[in-house]
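The values are calculated or read from the model by the stated rules, or taken from the named source; none is laboratory data. Computed from a predicted model, the values in this text were never measured in an experiment. Using ideal geometry, Cβ is built from the backbone for each residue, glycine included, and neighbour counts are taken over all protein chains shown. Quick note on the areas: whole protein, heavy atoms, side chains included, nothing else; ligands and nucleic acids left out. Shrake-Rupley method; radii C 1.70, N 1.55, O 1.52, S 1.80 Å.
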Amino acid sequence: GSVDGATGVYGPAIVDSVEVAIDIEGGGIISHTVNFSGDGAATLGAAVATDVIVPEPESAIGCKLQYDVAGAGSWTELTDVRTITFTLMADNQAYVSSATAGWSKRVTGNFDAELTVSFYTDADMSGLPTVGDAYGIKAFINATEFWLFSWMRINELADIEVDRETGAVVGASFNMAFSGIETISATPTVGVVEDPDSTEVWPEIAPSSS
């Protein structure tokens, strides 16, 4: 990296995680954060690249979340969603050896993902997905394009907001964790994570159908 195009440091790196934040309630721009770690020798100086891409940021207004009981094939929209935040990560493993000249190198670790969705709901919270169950999740970035997670298991219903004094709308959130293999029709089945272009993020190579 460089702050002035002349001084800084550059070298190989590996992506540790990517976080995407969709603030529907605030009407903000969909944002993302990428975290890196070094993967070998760094060099003092600056490797300057010209950014020729003109960004086209997407608004969070109009985004939504749909869920499907794992393997059911029937998608339901979660109503009154406020925010969607998800993180893709890998437990990359660092090592130093006689071959690394004193620098840390890293190899790709196991994939994982987490997703949190906050929403408004009725006071009795009826009709919500079930804590502990696994669901397919579509996190939309506009009216038609979405991130697909097969599957996410709901770990907890959290952040329940019931303000009797003001009578504010009841709010809550689901915290979910990635579950890459689920039993569908009595058969262990490998899931998938796809980006809005339908490119597989996990697994990197599609499982064989044989």
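Annotations
- Each Lys and Arg Cβ is given +1 and each Asp and Glu Cβ -1; about its Cα centre, the chain then shows a dipole of about 600 debye.
- Sorted on the mean count of surrounding Cβ atoms within 10 Å across their residues, most packed first, peptides 51-58, 133-140 read 133-140, 51-58.
- Build a GNM of the chain with springs between Cα atoms under 10 Å apart, and of Pro188, Pro129, Pro196 the one that fluctuates most is Pro188.
- Averaging the Cα positions of each part gives two centres, and for the range 93-146 and the range 17-77 these lie 12 Å apart.
- Here the accessible area of the chain is 51 percent carbon and sulfur, with a 1.4 angstrom probe and all protein chains present.
- With each label modelled as a point 7 angstrom along the Cα→C-beta vector, the Phe111-Phe36 pair spans 2.2 nm.
- Charge dipole magnitude, Cβ of K and R +1, D and E -1 - the range 130-180, Cα centre, debye nearest 20: 240 debye
- Magnitude of the charge dipole, the range 1-115, Cβ model with Lys/Arg +1 and Asp/Glu -1, debye to 20: 440 debye
- Relative contact order (%) - the range 36-119, alpha-carbon pairs under 8 angstrom, separation at least six: 32 percent
- Close amide H contacts of Ile184 (hydrogens built in the peptide plane, cut-off under 5 Å, sequence separation of 5 or more or a different chain): Thr189.
- Accessible-area ranking of Arg153, Arg164, largest first, probe 1.4 Å: Arg164, Arg153
- Across Thr108, Thr100, Thr189, mean-square fluctuation computed from a Gaussian network of the chain (C-alpha pairs under 10 Å connected) peaks at Thr100.
- Three-way shape label, the range 3-114, alpha-carbon gyration tensor, a/c 1.5: oblate
- Options Ala186, Phe174, Val69, ranked by Cα towards positive dipole end of the chain, top entry (Cβ charges): Ala186
- For Val201, residues with placed amide H under 5 Å, excluding near neighbours: Val193, Glu194, Asp195
- For mean projected area of the Cα convex hull in nm², the candidate list reads (1) 13.3; (2) 15.8; (3) 16.9; the entry that matches the value derived from this model is (3).
- Per residue accessible area of the chain, 1.4 Å probe, in Å²: 59 Å²
- Here the spin labels are modelled as points 7 Å beyond Cα on the Cα-Cβ line, and at Ala13 and Ser185 they lie 4.5 nm apart.
- Sequence-separation-based contact order of the chain, relative, with Cα cut under 8 Å and 6+ spacing, percent: 17 percent
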